[in-house]
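Q: I have a structure I would like to understand better, so I am pasting it below and will then ask my questions one at a time.
Here, each number is a calculation from the coordinates, and none is a lab measurement. Quick caveat, the model's predicted, so the values are computed rather than measured. We place every Cβ from the backbone using ideal geometry, glycine too, and count neighbours over all the protein chains shown.
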Amino acid sequence: MIYHTPIMVEEVIHFFSSCAGGVFVDATCGEGGHSEAIVSRLAYERLLCIDRDKDILEVAKERLCHFPRVSFYHATFDQLPEVLKDAGVEGCDAILADLGVSMYHFTLHEKTKGRGLSLADEDGLDMRLDTRSGMTAAELLNTFSQKEIADILYTYGEEYDAYKIARAICHNRPLRTAAQLAKIVLRAKKSHGYHKIHPATKTFQALRIFLNKELEILESFLPSAADILHIHGRLAVISFHSLEDRVVKRSFQSLAKEGKVAILTQKPVVPSTEEMKRNRASRSAKLRVVERCV
Ligand SMILES: C[S@@+](CC[C@H](N)C(=O)[O-])C[C@H]1O[C@@H](n2cnc3c(N)ncnc32)[C@H](O)[C@@H]1O
């Protein structure tokens, strides 16, 4: 089985080595790449793995089934206090959040077809990571006003052609598939020739972040995660775009100002040139780490 390649594993292990022997939380377990590195390379009392996507959590469960004291929770990471209560654990020593989505979500297979996270998906336009609640991308794009759609694309995707794209979306309603949306964006942006990233990438990112309330959940998670850490416990966050990184940076600064944590990464740690070459998806990653001090 080919798994998502975990990002900055060496750096994460380096920052978590002082937490060895304690309770670890992988708040965004995905297919379990970082989790596997943690349980293989560091001593641990427990590892709690959380993911809001039930299907990907099943992949991690199978991958990690040979490791003892690992448990899995289908939840969003802002539900960490409830997860700890359920696990019968008082606090923890290391928490990792590797934000966003996994290669698993971009690859079309039985479990992801129709979810609309891949630009090539011809079976649907959902974009929710947890399909139990919330609005789908199709519902949003077929009912929101042109201005509302443009605002979402601009705010959550930093898409400068947001207005043009929103107009094309409203003109081509009803939208039913992700592949159809990708084509509409491509035409609206009058994109020709070679692009480093697909012209619809920012549109997809914006809709996914908005629909899954990714920034709101992150904002409420960070202070509560810091509260849950034991003294000298560490919280590490890997972000992939400036909107996420801004939330992490500001939240860490305000926790440091309160005296609750010490910032261990004055500047974010980025992947080595070698890792960026080996794994292009790592190029925009930034790792920030804090340590609980009181
Ligand atoms: C970048 S992937 C993690 C990859 C993982 N570290 C690995 O090495 O395989 C991010 C994962 O976080 C999950 N996720 C995103 N937002 C979440 C949230 N608010 N709560 C819990 N899981 C979340 C996604 O479903 C996805 O599986």
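Q: Near residue 123, within a Cβ-to-Cβ distance under 13 Å, what is the net charge of the other residues, with Lys and Arg +1 and Asp and Glu -1?
A: Neighbourhood net charge equals 0.
Q: Under a Cβ-Cβ cut-off of 15 Å, what is the net charge of the residues other than residue 280 that fall near it, where Lys and Arg count +1 and Asp and Glu count -1?
A: For residues surrounding residue 280, the net value is +2.
Q: Something else now. Write down, largest first, the equivalent ellipsoid semi-axes of region 104-248 in whole Å, where each equals the square root of 5 times an eigenvalue of the alpha-carbon gyration tensor.
A: Equivalent-ellipsoid dimensions as semi-axes: 29, 17, 15 Å.
Q: Something else: Report, in cubic angstrom per residue, the convex hull volume of the C-alpha atoms of region 214-294.
A: Taking the convex hull of the Cα positions in region 214-294, it is 89 Å³ per residue.
Q: Which entries of 61/202; 61/277; 85/260; 54/164 show an alpha-carbon separation above 24 angstrom in the structure shown?
A: Going by Cα-Cα distance, 61/202; 61/277; 54/164 fall outside the 24 Å limit.
Q: Also: Considering only 210, 252, 144, give the residue with the highest GNM mean-square fluctuation for the chain, with springs between Cα atoms whenever their separation is below 10 Å.
A: Result for the chain, Cα springs under 10 Å: 144 fluctuates most.
Q: Taking the mean number of other Cβ atoms within 10 Å as a proxy for protection, how do you rank 86-93, 30-37 from highest to lowest?
A: Those peptides, ordered most packed to least, come out 30-37, 86-93.
Q: Given N residues in region 1-152, what is Rg(Cα) / (2.2 N^0.38 Å)?
A: Dividing the Cα radius of gyration by 2.2 N^0.38 Å gives 1.16.
Q: Against the empirical 2.2 N^0.38 Å scaling, what ratio does the C-alpha Rg of region 131-211 come to?
A: Cα Rg divided by the expected 2.2 N^0.38 Å: 1.01.
Q: Hey, any idea what the orientation-averaged projected area of the convex hull of the chain's Cα atoms comes to, in nm²?
A: 15.3
Q: Sticking with this structure for a sec: Quick one: dipole size for the chain, taken about the Cα centre, charges +1 on Lys/Arg Cβ and -1 on Asp/Glu Cβ, in debye to the nearest 20.
A: 1080
Q: So, one more: Which net charge results when you count Lys and Arg as +1 and Asp and Glu as -1 among the other residues whose beta-carbon is under 14 Å from that of residue 213?
A: My count for the surroundings of residue 213 gives -2.
Q: Please give the direction-averaged projected area of the C-alpha convex hull for region 92-171, in square nanometres with one decimal.
A: 7.4
Q: Antiparallel as a % of all DSSP beta bridges within the chain, to the nearest 5?
A: 35
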